[in-house]
Amino acid sequence: MRALGSSPTGGPGPYRRYEVLHEPADLAAWAERSRLTPTPALEISQDEVAGARRLRDALFRVVVAHTRGELHPPGDLEVINETAARPALAPAITPAGQRQWAGAPSGTHLLATIARDAVELLTGPFAHRIRTCAAEDCHLLYVDTSRPGCRRWCSMEHCGNRHKVRALRARHSEEG
């Protein structure tokens with residue numbers, strides 16, 4: 001899941017070997033690295049961890065199909081839509097004017113928030129800017145928010161820099 005801008009957690013098929021969502025604490029740690037502010041103090045069940053993996057895998061397949069111009073897999077859309085229909089995290093204001101989360105936030109609230117974010121992305125103004133990293137050994141998905149809309153790498157600091165270094169070495173080996 002990367003809908004909220006966090007670190008990869010594994011995925012379907014060959015990405016299963018990178019799985020990091022095993023226990024409720026793993027999902028809580030992922031939420032802590034996300035862009036949710038403040039980080040909600042979540043009550044997470046083992047079933048919600050399984051739901052997080054199911055949602056993440058469905059999102060991955062739908063977004064990959066989207067980037068290829070293919071039809072979205074119906075079963076995966078069902079997972080996303082059913083998750084998005086649940087109650088999401090609800091923001092509230094503290095007496096000191098700070099943001100907090102209302103009620104007792106759960107893993108279900110977190111997953112609904114992620115699914116809603118994904119629906120907004122896939123149907124919103126940046127839907128045509130969802131990309132797969134151009135690096136041969138990277139399959140991360142990202143949203144190109146650059147002004148010209150021609151970004152090729154998930155991260156210029158990582159994949160883009162590696163490409164530049166390889167190109168420079170190739171030029172130098174041709175010259176020498």
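The values are calculated or read from the model by the stated rules, or taken from the named source; none is laboratory data. Computed from a prediction, not measured in an experiment: that's the story for all the values here. Note that each Cβ is placed from the backbone with ideal geometry, even for glycine, and that neighbours are counted across all protein chains shown. All accessible areas refer to the heavy atoms of the entire protein, side chains included, with ligands and DNA or RNA removed. Shrake-Rupley method; radii C 1.70, N 1.55, O 1.52, S 1.80 Å.
Within the bounds of segment 111-119, is there any residue that is of a type in the set (S, T, N, Q), at negative phi, open to solvent by 50 Å² or more (accessible area, probe 1.4 Å) and out of contact with any Asp or Glu (no Cβ under 8 Å at 6 or more places or on another chain)? No - not one qualifying residue is present in segment 111-119. Among residues of segment 9-30 being farther than 13 Å from S106 by Cβ and among the hydrophobic types (A, V, I, L, M, F, W, C), the one that is surrounded by the fewest Cβ atoms within 10 Å (Cβ to Cβ) is A25.
Give the residues of segment 51-92 that are surrounded by fewer than 14 Cβ atoms within 10 Å (Cβ to Cβ), small (G, A, S) and over 21 Å from R131 (Cα atoms), sorted by residue number. Across segment 51-92, the qualifying residues are G75, A85, A90, A92. Is it the case that some residue within segment 156-175 is assigned to a loop (DSSP other than H, G, I, E, B), over 20 Å from the mean Cα position of the chain (by Cα) and not polar (S, T, N, Q)? Looking for residues that are assigned to a loop (DSSP other than H, G, I, E, B), over 20 Å from the mean Cα position of the chain (by Cα) and not polar (S, T, N, Q), one finds none in segment 156-175, hence no. Reported count of residues in segment 31-44, each being open to solvent by less than 50 Å² (accessible area, probe 1.4 Å) and at pLDDT 95 or above, is 2. Apart from one condition, R54 fits all of (1) under 19 Å from L122 (Cβ atoms); (2) at pLDDT 95 or above; (3) part of a loop (DSSP other than H, G, I, E, B); the exception is (3).
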